[in-house]
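Colleague: Attaching a single structure in C-alpha cells format; questions to follow.
The values are calculated or read from the model by the stated rules, or taken from the named source; none is laboratory data. It should be emphasised that the depicted structure is a prediction, and the values quoted were computed from it without experimental measurement. Here the Cβ is made from the backbone with ideal geometry for all residues, glycine too, and neighbour counts use every protein chain on show.
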Amino acid sequence: MIAFSAVSILLIITIFIFGEGMPVMVKYGLRKFLFGLDWFPLERSYGLLPMIIGSLMVTGGALVIGVPFGLACAVVLTEFSSKRLRRFLKPIIELLAGIPSVVYGFIGVVILIPFIRDHLGGPGFSVLASSVILGIMILPTIISISIDSLEAVPRTYREGSIALGATRWQTTRMVMFPAAKSGIIASIILGMGRAIGETMAVIMVAGNAATIPRSLLDPVRTLTSNIALELGYAAGEHRQALFATGVILFVIIMILNTIANMTSRKRRP
Amino acid sequence: MSEAVVRAENFRHFFGERQTLRRINLEIRRNEIFGIIGPAGSGKSTFLRALNRLNDLVPGSRTEGTLEVCGQDIYGPGTSVVELRRRLGMVFATPIPLPRSIFENVAFGARMAGVKGRARLNELVADSLRKTALWEEVMDRLDSSALKLSGGQQQRLCLARILALKPEFIMLDEPTSGLDPISTMKIEETLRQLQSEFTIILVTNNTKQAARVADRTAFFLNGEIVEVDRTEKIFSAPSDQRTNDYILGKFG
C-alpha cells in the first residue's frame, strides 16, 4: 500500500505537470519553447533555450569541477589510506550532503562572488560561481558511491595485479577503475541529477539573467531558477509556461535517471 | 648440487600479535621444483607470500630474521618491491584473470614493466601462451574476454601471464585445488617443461601432487618446518613421525 502510494504520488505529479504545461506548449509549438531565444513572458514570448543552455552549462561545469575532485578523493581514500581513516572520513563527507543548499548559496555569495568579481572580473554572479558551488555540492554523492564501488571490487583483482609487479597507481588505473566502472558512472550521473535539479543555491549565485551567457563570467539562469523566480507572481499563460519549463526539466531528469539505472544494472563487464 | 637461490635463516613472520611463521630455515636451489605441503593454516601460503612481499598489503604484517633471494635480503633496505614481484611470478589458488581480453591479460604485466610496441607484445603473448599449451586453444579468440575461459584454461592463462614477465621464479599457491584431474595433469606437465628455465615453488594441499612433480619437499606444520628432504625420501622414509602421519592421511 505504502509503496503503491509513492508510485501514485509520482503519477499524480506527472499528470499535473504535464496537464498544466502541455496546453501552452501545444499552442505555441514545442519548437518555439525548445529553441526560442527570448523569454519575455509579459509579451507572450516563451523561448527556453537560454535556460536550457544555462542548465546544461552549469551542470557541465559542476561535473568538470566535481568529478575529478570526487574521484581523486575516492581513490585516495580506498587505495592509499588506512581503513580507519576511511571509516572516519566517509561519514563526514556524507555529512556534506546534509547541509541545506541555502547555506551553500550563502557561502557562495559571501566568499566566492566577491572573489570572482575582484580577481577575474565581471559581476561575480556567473556560470563559474554556480559551477563551483554545484561542484562542491555533488562531491559527497560522487565520493561516497565511488568508494562503495571501488571497495566492492574483489580483493583478488588487486592482489593479482600487484603480484604481477604493477605499482599501486597502475593497479588503480588499469584494474580497479575498469572493474568499478559502472558504479563510478552511476555516481557521476546521480551527481549530475543533483546538479541539474538544484535551485536555491544556483538562484543565489547565478545572477539569473535570461540570456545565453557569452563567457563563464556572465550571469546565467537555469530551468529550475526560472520556475522558482517567477512562479510567485505568474498568472494565466505565464504560469502555464513555467509548468512547461517543469515538463522539460522533468524529461531531462528522467533521461538521466534511466541512463543511471541502465549502467548500474549491468554490473558484469 | 646447484646453488641456493632462496635462503631463509631464522625467518619469522607475524600478523599483528599472531606469529604465523616460526624460525624457518631452508634453501631452495636453482631449477628445482620445490614442493611445500602441510595442512591448512600451517603457514605455507604465508611463506610464499613473504617471498614476493605480498603480505605487505595486510596491515600489521611484519618479519624478523633474514629471507634472501639470490643473495639479497628482500626485507632489507634498497629492495624494489615491484621488481621483486616481477622476478617471483605468482599463481593463485583460484585463477583470477583480470576482467579484460585474453591478450590484455597476458600483456598486462609486461605493459606495466614498460614493454611497448605491438609486434613485441604479440610475440611475447604468443610465446607465453605456447609454453603453457594454451596457444592452440585460444589463438583465434585472443580478443575475447578471459572470463569466458574454463577454470583450467584460466589457470594456465594466469601462468602464461607470469611467464610474459620473464621471471626467475614461478610460485604456485595450490594452483590445482579447484581444477579437474585432466586440467591438473596439464598444469603439472607444463611445470615439468618449465623446470629447465625457472625455479618453481609449488605449495599444494594435495600431497600426491608434491610426490608427482617436486624434486624436494618441505613439510610445514603450525608455522614451522618439520622436515625438508628429497621428495622420494619424504614419501618413503620420513624421519619425523608427524610427516609420516600427515602423508598417510592421519590428520590434516
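Colleague: So B:GLN155 clears everything in (1) in contact (Cβ under 8 Å) with a residue 60 or more places away in the chain; (2) within 30 Å of B:GLU9 (Cβ to Cβ); (3) in a helix (DSSP H, G or I) except one condition, right? Which one?
Modeller: For B:GLN155, the exception is condition (2).
Colleague: Just to be sure I understand, how many residues within segment B:94-111 are in a loop (DSSP other than H, G, I, E, B) and of a type in the set (Lys, Arg)?
Modeller: Taking segment B:94-111 first, the residues in a loop (DSSP other than H, G, I, E, B) are B:94-100.
Subset that is of a type in the set (Lys, Arg): B:100.
Number satisfying all stated conditions: 1.
Colleague: Could you please tell me which pairs satisfy a Cβ distance under 6 Å, a separation of 6+ or placement on different chains, a first residue in segment B:81-93 that is facing chain A (nearest Cβ under 7 Å) and part of a helix (DSSP H, G or I), and a second residue that is surrounded by 17 or more Cβ atoms within 10 Å (Cβ to Cβ) and among the polar types (S, T, N, Q)?
Modeller: Filtered contacts from segment B:81-93: B:ARG85/B:ASN52.
Colleague: I need every pair where a residue in segment B:119-140 that is basic (Lys, Arg) has its Cβ under 8 Å from the Cβ of a residue that is at pLDDT 90 or above, sequence separation at least 6 or different chains.
Modeller: B:LYS131/B:ALA160; B:LYS131/B:LEU163; B:LYS131/B:THR190; B:LYS131/B:GLN193; B:LYS131/B:LEU194
Colleague: Within segment B:158-204, take every residue that is in a loop (DSSP other than H, G, I, E, B), within 14 Å of chain A (Cβ to nearest Cβ) and among the charged types (D, E, K, R) and give me the one that is surrounded by the most Cβ atoms within 10 Å (Cβ to Cβ).
Modeller: Step by step, filter segment B:158-204, then rank; the result is B:GLU174.
Colleague: Which one of A:LEU63, A:LEU89, A:LEU71 is surrounded by fewer than 17 Cβ atoms within 10 Å (Cβ to Cβ), part of a helix (DSSP H, G or I) and not β-branched (Val, Ile, Thr)? Explain how you work it out, then say what you get.
Modeller: Details: A:LEU63 fails: surrounded by fewer than 17 Cβ atoms within 10 Å (Cβ to Cβ); A:LEU71 fails: surrounded by fewer than 17 Cβ atoms within 10 Å (Cβ to Cβ).
The conditions single out A:LEU89.
Colleague: Of all residues in segment A:42-59, how many are crowded, with 16+ Cβ neighbours inside 10 Å and either free of Cβ contacts under 8 Å to residues at least 60 places away in the same chain or in a helix (DSSP H, G or I) (or both)?
Modeller: To start, the set of residues in segment A:42-59 that are crowded, with 16+ Cβ neighbours inside 10 Å comprises A:46-55, A:57-59.
Applying the additional criterion that residues be either free of Cβ contacts under 8 Å to residues at least 60 places away in the same chain or in a helix (DSSP H, G or I) (or both) yields A:47, A:49-55, A:57-59.
Counting residues in segment A:42-59 that are crowded, with 16+ Cβ neighbours inside 10 Å and either free of Cβ contacts under 8 Å to residues at least 60 places away in the same chain or in a helix (DSSP H, G or I) (or both) gives 11.
Colleague: A further question follows. Taking the residues in segment B:42-68 that are aliphatic (A, V, I, L, M) and surrounded by fewer than 20 Cβ atoms within 10 Å (Cβ to Cβ) as candidates, determine which candidate is farthest from the other protein chains (Cβ to nearest Cβ).
Modeller: Our first condition is that a residue be aliphatic (A, V, I, L, M); within segment B:42-68, this holds for B:48, B:50-51, B:54, B:57-58, B:67.
Then keep just the ones that are surrounded by fewer than 20 Cβ atoms within 10 Å (Cβ to Cβ); that gives B:57-58.
Numbers: B:LEU57: 7, B:VAL58: 10 Å.
Looking at residues that are aliphatic (A, V, I, L, M) and surrounded by fewer than 20 Cβ atoms within 10 Å (Cβ to Cβ), I get B:VAL58.
Colleague: Follow-up. Determine, yes or no, whether B:SER2 is hydroxyl-bearing (Ser, Thr, Tyr), within 19 Å of the chain's Cα centre (by Cα) and either away from every other protein chain (no Cβ under 14 Å) or in a loop (DSSP other than H, G, I, E, B) (or both).
Modeller: no
Colleague: Output the residue which, of all residues in segment A:125-170 that are touching a residue at least 40 places away in the same chain (Cβ under 8 Å) and outside any helix (DSSP H, G or I), is farthest from the other protein chains (Cβ to nearest Cβ). Before the answer, list the steps.
Modeller: First pass over segment A:125-170, keeping only residues touching a residue at least 40 places away in the same chain (Cβ under 8 Å): A:125-147, A:150-151, A:168.
Right, trim to outside any helix (DSSP H, G or I) and you get A:125-126.
On the way: A:PHE125: 47, A:SER126: 43 Å.
Once the filter is applied, the top-ranked residue is A:PHE125.
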